[in-house]
Amino acid sequence: MANITNEAMLNNTEYGNMFWLPWWQQFLFITAFIILILVAAVGNLVVIWIVLAHKRMRTVTNYFLVNLAVADALISILNTLFTSTFLMYQDWWYGNVWCKFTMFISICTVVASVLTLMAIAIDRYMAIIHPLRPRPTRRVVLAILCIWTVSIALALPNLMYGTLITYPNISQKTCGIVWSDGTPAESKIDFWYNVVIIIVSYVIPMAILILAYSRIGKELWGHRAIGENTQLQFDRIQSKRRVVKMMIFVVIVFGVCWLPYHLYFLLASSVPDITLANNVQQIYLVIYWIAMSNSMYNPIIYCWMNERFRSGFIEAFCFCPCRPCKRIKKKYVTCLNPVRSFAMSEKFRNGSMMQTMTDYIDDSGNAGTGLVRDKRHNSNDYDEC
């Protein structure tokens, strides 16, 4: 959790006036953060429900999306609400224990989110580039455990060194880290810790994600099928492309939302006087809102770009008893609860990929995989999310 103040500002007798926003700016920021928190919390909780409550949605990719939704819901509920009020009024009202916890949960959930995006990219890479290799569910559980272990380890210093900081001449308290070599304003440890966090949670993951999806895109869009292409093969490729498009869009949104936040940190570290500039509080609040808003965009992207998630949101929110709503709900319910019409087994070659599977066509018109199952491999993993 970043703090735009420094000791020079906090010791300034005019501190209280410097950071007292006009009422209309307070109203705009409060409204913006309330919308962010509500959309992020409700949207991500619905995503979790859609996957766990519908058997057809329990695929490897969707389990990772549940993990991503858990991280986004946690940061919106347990961090954004409290940090936003602190940044608006530059006074921490919630005590020392919650100061430690909210700083910990901030780093932990952000790292968990980006590592989950990396895991999804690797999973898509293996499913598309090496389709015959098994992807057992137990590996998903192990991957999620590793994600949270790494996230907790990187966030642990916030829990250990996070504390309330008080200053002379002013009554306000700030929530920050006091390292062994001093406060963030004078600590070299704090600088290098934040550099490590940026590298681990942004630079390296974005590089891996770009490389992985570039290779996946080349395989899906750059190769032409050998021989006659059946409708089943065409449906399978289209399904894979839809999933990859959605995940690429999620990654792009993540990169765009967090880029200003990291750039501000690098700029403020290089030019500390920037924190004394006019309107820096408003600028930082906007940057912080953009970064935190990433947690509310993913459910919107799923609903927009994936028919099954869209069906789940309709099922969750369509309580209206009117006839049009009933028609919409009836139309989409089969997407999550399909009726299998027939099964067929086929071997085919698509570009450089050889796949053997048993498919069914459900009454929503999408080709899916679900009749052949064993303990090692969930065949639904080939299907669209």
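Since every read-out is calculated from the coordinates, none of them should be taken as a lab result. Predicted model only: the values in this text are computed from it and were never measured. Glycine gets a Cβ as well: all are built from the backbone with ideal geometry, and neighbour counts include every protein chain shown.
A compact table of results
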{"quantity": "Whole-number percent relative contact order across region 7-317, with pairs defined as alpha carbons under 8 Å at least 6 apart", "calculated": "24 percent"}
{"quantity": "Net length gained if the chain between Cys318 and Ile208 were fully extended (0.36 nm per residue, minus Cα distance)", "calculated": "35.7 nm"}
{"quantity": "Inter-site label distance for Trp304 and Val286 at 7 Å from Cα along Cβ, in nm", "calculated": "2.1 nm"}
{"quantity": "Peptide ranges 247-258, 197-208 listed from the most packed, as the mean C-beta count within 10 angstrom indicates", "calculated": "247-258, 197-208"}
{"quantity": "For region 7-317, alpha-carbon Rg relative to the globular expectation (2.2 N^0.38 Å, N residues)", "calculated": "1.12"}
{"quantity": "Distance between region 151-204 and region 24-62 - C-alpha centres, whole angstrom", "calculated": "28 Å"}
{"quantity": "Computed label-point distance, nm, for sites Lys245 and Trp221 using a 7 Å Cα→Cβ extension", "calculated": "1.0 nm"}
{"quantity": "Inter-part distance where region 252-285 and region 74-93 are each reduced to a Cα centre, Å", "calculated": "17 Å"}
{"quantity": "Magnitude of the charge dipole, region 7-317, Cβ model with Lys/Arg +1 and Asp/Glu -1, debye to 20", "calculated": "1760 debye"}
{"quantity": "Distance (nanometres) between label positions extended 7 Å along Cα→Cβ at Leu132 and Asp181", "calculated": "5.5 nm"}
{"quantity": "Amide N proximity, region 272-297 versus Gln25 label position 7 Å along Cα-to-Cβ, cut-off under 18 Å", "calculated": "274-290"}
